[in-house]
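Q: Sharing a structure here in structure tokens format.
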Amino acid sequence: MTTYAIGDLQGCLDPLLRLLDQVHFDTASDQLWFAGDLVNRGPQSAAVLRFVRSLGDKARVVLGNHDLHLLAVANGRRQGRRDTLNDILNADDCDELLGWLRQQPLLVEDAGRGIAMLHAGLPPQWTMAQARQHARDAETALRGHGYRELLVQMYGDEPSLWDESLSGFARLRFIINCFTRLRYCDAQGRIAAEPKGQPGSQPAGLLPWFMLPARRSSDFRIIFGHWSTLGKVSWPEHHVYGIDSGCVWGGRLTALNIDDGELHSVACDEYSKTGNGE
């Protein structure tokens with residue numbers, strides 16, 4: 001059995017099918033991990049959701065910021081000018097697709113392999129055990145009866161620094177922002193929401209979340225997406241793989257064999273002329 005982790009699809013099904021042909025994906029024995037942002041910006045968001053859902057237990061998915069944004073839009077939030085979500089919202093099976101999406105986690109792990117996957121990042125204060133618990137707390141809220149209010153309250157950049165005393169929506173907002181939006185933070189773990197470029201382009205005092213020397217989750221290999229401008233995929237000195245290689249922006253779609261670290265990719269058409277990796 002081979003497990004492949006797949007970078008951000010963002011509504012691009014055709015490159016995924018070509019990539020699965022390239023790696024000779026076997027539905028009988030192989031498994032796919034999807035690093036979040038299944039939808040938005042590309043033209044095939046509904047088809048992507050249907051395909052991934054059809055894989056059943058052969059697919060593991062983490063939620064990305066665009067996936068959560070879709071859920072918020074479906075519950076009344078206004079679409080952004082670059083959103084491409086109407087093929088889902090107008091679909092006959094919209095409720096089924098959204099119901100399935102809302103059940104997906106923020107973190108998946110294979111403890112035996114010492115590897116985990118999330119969409120964006122972890123603050124340096126969290127161990128993997130803490131990250132696991134915080135993910136479960138947010139997932140429970142997203143799946144619960146009050147999820148609609150959480151989809152309203154999750155937007156915003158504050159609080160930007162973790163504190164165990166955080167509670168309610170402020171606590172959940174910080175957790176969700178880390179798992180789905182984090183790129184840079186300072187040495188204390190304060191999140192900087194604005195910088196999106198590759199390492200070296202950020203303001204002084206900031207580092208990519210995975211480069212902080214005091215990061216307490218460094219005992220796990222971590223796979224993440226979200227950051228298409230990173231410039232490379234493998235960061236072995238930090239035990240991470242950043243597998244969003246900008247498919248929807250005309251880059252590539254990447255698959256990582258999580259057993260041997262081999263990378264596979266296919267070229268992609270450019271679906272958006274105004275992409276910034278968000």
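Q: Counting only residues that are surrounded by fewer than 16 Cβ atoms within 10 Å (Cβ to Cβ) and among the charged types (D, E, K, R), which one in the range 59-91 is nearest to residue 183 (Cα to Cα)?
A: So, considering only residues that are surrounded by fewer than 16 Cβ atoms within 10 Å (Cβ to Cβ) and among the charged types (D, E, K, R), the one nearest to residue 183 (Cα to Cα) is 82.
Q: Looking at this structure, is residue 173 under 23 Å from residue 133 (Cα atoms), under 18 Å from the mean Cα position of the chain (by Cα), without any contact (Cβ under 8 Å) to a residue 24 or more places away in the chain and surrounded by 20 or more Cβ atoms within 10 Å (Cβ to Cβ)?
A: Yes: the conditions hold for residue 173.
Q: Further question: Confirm whether residue 129 is at pLDDT below 95 and either at positive phi or out of contact with any Gly (no Cβ under 9 Å at 6 or more places or on another chain) (or both).
A: no
Q: Could you list, in sequence order, the residues of the range 23-39 that are surrounded by fewer than 24 Cβ atoms within 10 Å (Cβ to Cβ), touching a strand residue (DSSP E or B) at 6+ places or on another chain (Cβ under 9 Å) and either of a type in the set (A, V, I, L, M) or over 16 Å from residue 258 (Cα atoms) (or both)?
A: 23, 32
Q: I've got another one for you. Could you please tell me which pairs satisfy a Cβ distance under 7 Å, a separation of 6+ or placement on different chains, a first residue in the range 224-246 that is in a strand (DSSP E or B), and a second residue that is among the hydroxyl-bearing types (Ser, Thr, Tyr) and surrounded by fewer than 17 Cβ atoms within 10 Å (Cβ to Cβ)?
A: Short answer, once both residue conditions are applied: 241/234.
Q: Restricting to the range 1-40, give me the number of residues that are assigned to a strand (DSSP E or B) and touching a Ser or Thr at 6+ places or on another chain (Cβ under 9 Å).
A: The qualifying residues number 5.
Q: When you look at residue 132, is it under 30 Å from residue 260 (Cβ atoms) and not in a loop (DSSP other than H, G, I, E, B), yes or no?
A: So residue 132 fits the description; yes.
Q: Being in a helix (DSSP H, G or I) and either touching a residue at least 60 places away in the same chain (Cβ under 8 Å) or under 15 Å from the mean Cα position of the chain (by Cα) (or both) is the filter here, so list the residues in the range 105-129 that pass it. Spell out the reasoning first.
A: Going through the range 105-129, the residues in a helix (DSSP H, G or I) turn out to be 128-129.
Hit for the range 105-129 is 128, nothing else.
The values are calculated or read from the model by the stated rules, or taken from the named source; none is laboratory data. No experiment lies behind these values; they were computed from the predicted model shown. Here Cβ is always computed from backbone atoms with ideal geometry, including for glycine, and neighbour counts include all displayed protein chains.
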